[in-house]
Amino acid sequence: MHNLAQPIANEFDSYMQDRAQRLGYQTRFLSADRVTPLPPSGCYALVEFSDPATRAPLLAEPGINRYRERGHFTAWADQAGGLVQINGTIGARTFAEEFFGDTPRRSLPLPEFNAYVDWFAAATASHEAQLLTLAISAPDARALMLVRTPSASAAAAWLQRCS
């Protein structure tokens with residue numbers, strides 16, 4: 001799966017960018033090395049590119065589970081160029097539509113997102129090899145921001161610097 005992570009991440013970004021453009025949003029690809037002010041009223045999601053069948057489940061306290069269900073998603077495909085599935089139940093196109101929906105079902109507000117990513121970074125510190133995208137919708141600015149990070153700890157550090 002490690003060899004497939006980058007093409008799957010690129011395909012996911014393409015779906016998100018396409019949906020954003022259809023809604024009149026500008027897409028910005030942000031560097032995890034650069035501090036960027038985060039929209040307080042934005043919608044946030046973490047997408048992990050890995051094979052859910054080979055990943056050990058993380059045990060979380062009950063309060064964290066509700067954040068995980070709305071803010072953390074696993075994207076995978078059987079092969080490069082294959083259909084990208086999110087959490088094994090929906091396609092990337094459906095995910096993008098629901099992420100931008102009037103009542104977002106696939107995102108968290110910033111305070112809950114920060115709490116979840118901090119927890120996730122601590123829970124996965126012993127096996128950091130991941131490829132993640134932080135997807136941020138800023139409806140007031142009509143912008144989609146995508147930030148690629150190599151690990152959960154890098155994602156948490158970026159959020160901390162930008163919040």
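Over 19 Å from residue 7 (Cα atoms), within 16 Å of the chain's Cα centre (by Cα) and at pLDDT 85 or above: is that true of residue 71 in this structure?
yes
Does segment 52-60 contain at least one residue that is touching a Lys or Arg at 6+ places or on another chain (Cβ under 7 Å), open to solvent by 20 Å² or more (accessible area, probe 1.4 Å) and either among the polar types (S, T, N, Q) or at pLDDT below 95 (or both)? Yes, segment 52-60 contains at least one residue that is touching a Lys or Arg at 6+ places or on another chain (Cβ under 7 Å), open to solvent by 20 Å² or more (accessible area, probe 1.4 Å) and either among the polar types (S, T, N, Q) or at pLDDT below 95 (or both).
Among the residues of segment 100-111, the one identified as out of contact with any Gly (no Cβ under 7 Å at 6 or more places or on another chain) and either closer than 13 Å to residue 157 by Cα or part of a helix (DSSP H, G or I) (or both) is 111.
Scanning segment 146-163 for residues that are over 13 Å from residue 46 (Cβ atoms) and open to solvent by less than 50 Å² (accessible area, probe 1.4 Å) yields a total of 2. Of a type in the set (Lys, Arg), at pLDDT 90 or above and open to solvent by 30 Å² or more (accessible area, probe 1.4 Å), is that true of residue 105? Here the answer is no, as residue 105 does not meet what is asked.
Do we have residue 45 as assigned to a helix (DSSP H, G or I), out of contact with any Asp or Glu (no Cβ under 7 Å at 6 or more places or on another chain) and surrounded by 20 or more Cβ atoms within 10 Å (Cβ to Cβ) here?
It is false that residue 45 is assigned to a helix (DSSP H, G or I), out of contact with any Asp or Glu (no Cβ under 7 Å at 6 or more places or on another chain) and surrounded by 20 or more Cβ atoms within 10 Å (Cβ to Cβ).
The values are calculated or read from the model by the stated rules, or taken from the named source; none is laboratory data. Everything quoted here is computed from the prediction, not taken from an experiment. Please note: Cβ atoms are built from the backbone with ideal geometry, for glycine as well, and neighbour counts cover all protein chains shown. Protein only, heavy atoms only, side chains kept; ligands, DNA and RNA dropped before computing areas. Shrake-Rupley method; radii C 1.70, N 1.55, O 1.52, S 1.80 Å.
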